[in-house]
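First comes the structure, then the notes that go with it.
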Amino acid sequence: MQPSVSFVRSPSDRAIPRDLFVPETRPFHRPVQRTRLRIDTPERAEKAHRAGLPVYLLRPETVIMLGYPINFPPVLFSVEPTLSGVDTQFRKLPSTSVDAIRDPRIEDVIVMLLQLDELAARAVAERNRAELRPAYLLKRVLQENLERAATLVRLQDFAPAIEAVGDALPKATLERQMRKNSPKQVIP
(Lines give C-alpha, C1' and ligand atoms only; values in the text may rest on other atoms or scores of the structure.)
Protein backbone atom coordinates (compact mmCIF):
# COMPACT_ATOMS: atom_id res chain seq x y z
CA MET A 1 0.00 0.00 0.00
CA GLN A 2 1.41 3.37 -1.00
CA PRO A 3 0.38 6.62 0.70
CA SER A 4 -0.70 9.35 -1.67
CA VAL A 5 -1.42 13.05 -1.32
CA SER A 6 -3.72 15.03 -3.61
CA PHE A 7 -4.60 18.71 -3.79
CA VAL A 8 -8.18 19.90 -3.99
CA ARG A 9 -8.77 23.50 -5.00
CA SER A 10 -11.43 25.37 -3.08
CA PRO A 11 -12.98 28.72 -4.07
CA SER A 12 -10.60 30.54 -1.72
CA ASP A 13 -7.62 29.14 -3.68
CA ARG A 14 -8.27 31.17 -6.84
CA ALA A 15 -5.11 33.21 -6.29
CA ILE A 16 -3.00 30.08 -6.82
CA PRO A 17 -2.26 29.73 -10.55
CA ARG A 18 -4.25 26.85 -12.03
CA ASP A 19 -1.38 25.81 -14.36
CA LEU A 20 0.68 24.71 -11.33
CA PHE A 21 -1.57 21.66 -10.94
CA VAL A 22 -2.00 18.62 -13.14
CA PRO A 23 -5.21 16.61 -12.91
CA GLU A 24 -4.87 13.07 -11.65
CA THR A 25 -5.66 10.40 -14.18
CA ARG A 26 -7.46 7.19 -13.34
CA PRO A 27 -8.12 4.24 -15.60
CA PHE A 28 -11.82 4.12 -16.42
CA HIS A 29 -12.10 0.40 -15.83
CA ARG A 30 -10.63 0.59 -12.31
CA PRO A 31 -11.44 3.74 -10.38
CA VAL A 32 -9.17 4.45 -7.43
CA GLN A 33 -10.87 4.11 -4.08
CA ARG A 34 -9.29 6.73 -1.85
CA THR A 35 -9.23 5.75 1.82
CA ARG A 36 -8.04 7.14 5.13
CA LEU A 37 -6.50 5.13 7.95
CA ARG A 38 -8.59 5.21 11.14
CA ILE A 39 -6.77 4.52 14.40
CA ASP A 40 -9.11 5.06 17.29
CA THR A 41 -7.79 2.50 19.79
CA PRO A 42 -4.37 1.19 20.80
CA GLU A 43 -5.42 -2.20 19.45
CA ARG A 44 -6.08 -0.77 15.98
CA ALA A 45 -2.72 1.02 16.11
CA GLU A 46 -1.00 -2.26 16.95
CA LYS A 47 -2.89 -4.06 14.19
CA ALA A 48 -1.85 -1.42 11.63
CA HIS A 49 1.75 -1.57 12.88
CA ARG A 50 1.84 -5.39 12.60
CA ALA A 51 0.39 -5.11 9.09
CA GLY A 52 3.48 -3.13 8.06
CA LEU A 53 1.95 0.33 7.88
CA PRO A 54 4.39 3.05 8.96
CA VAL A 55 2.57 3.98 12.17
CA TYR A 56 3.69 3.47 15.77
CA LEU A 57 1.78 4.29 18.94
CA LEU A 58 4.22 5.25 21.68
CA ARG A 59 2.58 4.29 24.97
CA PRO A 60 3.73 4.82 28.55
CA GLU A 61 4.08 1.06 29.01
CA THR A 62 6.93 1.02 26.48
CA VAL A 63 8.83 3.74 28.35
CA ILE A 64 8.18 2.07 31.70
CA MET A 65 9.62 -1.20 30.36
CA LEU A 66 12.73 0.75 29.40
CA GLY A 67 13.17 1.84 33.01
CA TYR A 68 11.47 5.22 33.31
CA PRO A 69 8.20 5.46 35.27
CA ILE A 70 6.07 7.93 33.35
CA ASN A 71 2.45 8.46 32.43
CA PHE A 72 1.35 10.31 29.30
CA PRO A 73 -1.39 10.02 26.70
CA PRO A 74 -0.29 7.72 23.85
CA VAL A 75 1.23 9.49 20.84
CA LEU A 76 0.98 8.26 17.26
CA PHE A 77 4.17 8.57 15.19
CA SER A 78 4.20 8.17 11.43
CA VAL A 79 5.93 9.50 8.35
CA GLU A 80 4.51 12.05 5.96
CA PRO A 81 2.46 11.77 3.82
CA THR A 82 0.99 8.83 5.76
CA LEU A 83 0.38 10.98 8.84
CA SER A 84 -1.91 13.33 6.95
CA GLY A 85 -4.05 10.34 5.90
CA VAL A 86 -4.64 9.11 9.45
CA ASP A 87 -7.79 9.88 11.43
CA THR A 88 -7.17 9.49 15.15
CA GLN A 89 -7.91 11.01 18.53
CA PHE A 90 -4.27 10.45 19.55
CA ARG A 91 -1.75 13.24 19.25
CA LYS A 92 0.12 12.81 15.96
CA LEU A 93 3.81 13.55 15.47
CA PRO A 94 5.86 13.09 12.31
CA SER A 95 9.01 11.06 11.89
CA THR A 96 11.39 11.10 8.94
CA SER A 97 12.40 7.43 9.09
CA VAL A 98 10.06 4.67 7.93
CA ASP A 99 12.40 2.04 9.42
CA ALA A 100 12.33 3.73 12.84
CA ILE A 101 8.53 3.59 12.80
CA ARG A 102 8.21 0.04 11.49
CA ASP A 103 10.80 -1.48 13.83
CA PRO A 104 11.64 0.99 16.62
CA ARG A 105 14.83 0.42 18.59
CA ILE A 106 15.76 1.94 21.94
CA GLU A 107 17.41 4.87 20.15
CA ASP A 108 14.23 5.48 18.16
CA VAL A 109 12.17 5.58 21.35
CA ILE A 110 14.66 8.06 22.83
CA VAL A 111 14.28 10.29 19.77
CA MET A 112 10.47 10.04 19.99
CA LEU A 113 10.68 11.03 23.65
CA LEU A 114 12.83 14.05 22.79
CA GLN A 115 9.71 15.47 21.14
CA LEU A 116 7.55 14.76 24.22
CA ASP A 117 9.69 14.92 27.36
CA GLU A 118 13.42 15.53 27.13
CA LEU A 119 14.08 14.32 30.68
CA ALA A 120 12.35 11.03 29.92
CA ALA A 121 14.58 10.67 26.85
CA ARG A 122 17.66 11.25 29.02
CA ALA A 123 16.45 8.75 31.63
CA VAL A 124 15.80 6.02 29.05
CA ALA A 125 19.26 6.62 27.58
CA GLU A 126 20.88 6.43 31.02
CA ARG A 127 19.04 3.29 32.08
CA ASN A 128 19.77 1.50 28.80
CA ARG A 129 23.33 2.75 28.28
CA ALA A 130 24.73 -0.75 27.65
CA GLU A 131 22.37 -1.35 24.69
CA LEU A 132 22.75 2.08 23.07
CA ARG A 133 24.56 2.47 19.78
CA PRO A 134 26.01 5.99 19.72
CA ALA A 135 26.28 6.14 15.91
CA TYR A 136 22.63 5.21 15.43
CA LEU A 137 21.49 7.65 18.14
CA LEU A 138 23.47 10.39 16.38
CA LYS A 139 21.91 9.47 13.03
CA ARG A 140 18.36 9.56 14.43
CA VAL A 141 18.84 12.87 16.26
CA LEU A 142 20.18 14.44 13.06
CA GLN A 143 17.41 12.93 10.91
CA GLU A 144 14.74 14.44 13.14
CA ASN A 145 16.62 17.74 13.56
CA LEU A 146 16.51 17.47 17.36
CA GLU A 147 20.01 18.66 18.23
CA ARG A 148 18.66 21.45 20.47
CA ALA A 149 16.49 19.05 22.52
CA ALA A 150 19.37 16.55 22.71
CA THR A 151 21.72 19.28 23.92
CA LEU A 152 19.24 20.42 26.59
CA VAL A 153 19.49 17.02 28.33
CA ARG A 154 23.13 16.38 27.37
CA LEU A 155 22.65 13.36 25.11
CA GLN A 156 26.23 14.04 24.04
CA ASP A 157 27.12 11.90 27.08
CA PHE A 158 25.81 8.91 25.08
CA ALA A 159 26.62 10.02 21.53
CA PRO A 160 29.50 12.51 21.71
CA ALA A 161 29.27 13.41 18.01
CA ILE A 162 25.89 15.16 18.49
CA GLU A 163 26.55 18.83 17.89
CA ALA A 164 25.78 21.04 20.89
CA VAL A 165 23.04 23.49 19.88
CA GLY A 166 21.66 25.86 22.51
CA ASP A 167 21.94 25.63 26.27
CA ALA A 168 22.21 22.44 28.31
CA LEU A 169 20.77 21.83 31.75
CA PRO A 170 23.41 21.79 34.49
CA LYS A 171 24.72 18.32 35.33
CA ALA A 172 23.61 18.65 38.96
CA THR A 173 20.03 19.41 37.87
CA LEU A 174 19.98 16.38 35.55
CA GLU A 175 21.36 14.10 38.24
CA ARG A 176 18.76 15.35 40.73
CA GLN A 177 15.94 14.75 38.22
CA MET A 178 17.17 11.23 37.45
CA ARG A 179 17.34 10.36 41.17
CA LYS A 180 13.80 11.68 41.74
CA ASN A 181 12.41 9.37 39.04
CA SER A 182 14.10 6.09 39.77
CA PRO A 183 12.39 2.87 38.69
CA LYS A 184 10.40 1.22 41.47
CA GLN A 185 10.25 -2.24 39.95
CA VAL A 186 11.42 -4.21 36.97
CA ILE A 187 8.75 -5.44 34.61
CA PRO A 188 9.46 -9.07 33.68
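Relative to the dominant Cα principal axis of the chain, helix 171-180 is inclined by about 90°. To test your reading of the geometry: what angle, between 0 and 90 degrees and rounded to tens, separates the Cα axis of helix 118-127 from the longest principal axis of the chain? In the chain, helix 118-127 runs at an angle near 60 degrees to the longest axis.
Here the dipole of the range 106-175 is about 140 debye; that uses its Cα centre as origin and unit charges on the Cβ of Lys and Arg (positive) and Asp and Glu (negative).
Model label points for LYS47 and ALA168, set 7 angstrom from Cα along the Cα-to-Cβ axis, are 4.6 nm apart. Per residue, the convex hull spanned by the Cα atoms of the range 123-171 amounts to 69 cubic angstrom.
Given R0 = 41 Å, the distance between the Cβ atoms of VAL8 and ALA161 translates into a calculated FRET efficiency of 0.40. Distance between the modelled labels on GLN177 and GLU61, one decimal in nanometres: 2.7 nm (7 Å Cα→Cβ projection).
Going by amide H atoms built from the backbone, whose H comes under 5 Å of the H on VAL79, apart from near neighbours? HN-HN under 5 Å from VAL79: SER95.
If I model a spin label at ASN145 and ARG91 as a point 7 Å from the Cα along the Cα→Cβ vector, what separation in nanometres do I get? Calculated label separation equals 2.0 nm. Note on the chain: lysine pairs with Cα distance below 29 Å, sequence gap of 8 or more or different chains, count 6.
Taken one residue at a time, the phi angles of the range 87-104 give Karplus couplings (6.51, -1.76, 1.60, θ = phi - 60°) of 9, 7, 8, 6, 5, 10, 10, x, 9, 8, 10, 5, 4, 5, 7, 6, 9, x Hz. Gly and Pro are set to x. TYR68 exposes around 10 Å² of accessible area when a 1.4 Å probe is run over every protein chain in place.
The values are calculated or read from the model by the stated rules, or taken from the named source; none is laboratory data. This structure is a prediction, so every number in the text was calculated from the model and none was measured. As a convention, Cβ positions derive from the backbone with ideal geometry for all residues, glycine included, and neighbour counts pool all protein chains shown. Areas reflect the complete protein model, heavy atoms only, side chains present, ligands, DNA and RNA absent. Shrake-Rupley method; radii C 1.70, N 1.55, O 1.52, S 1.80 Å.
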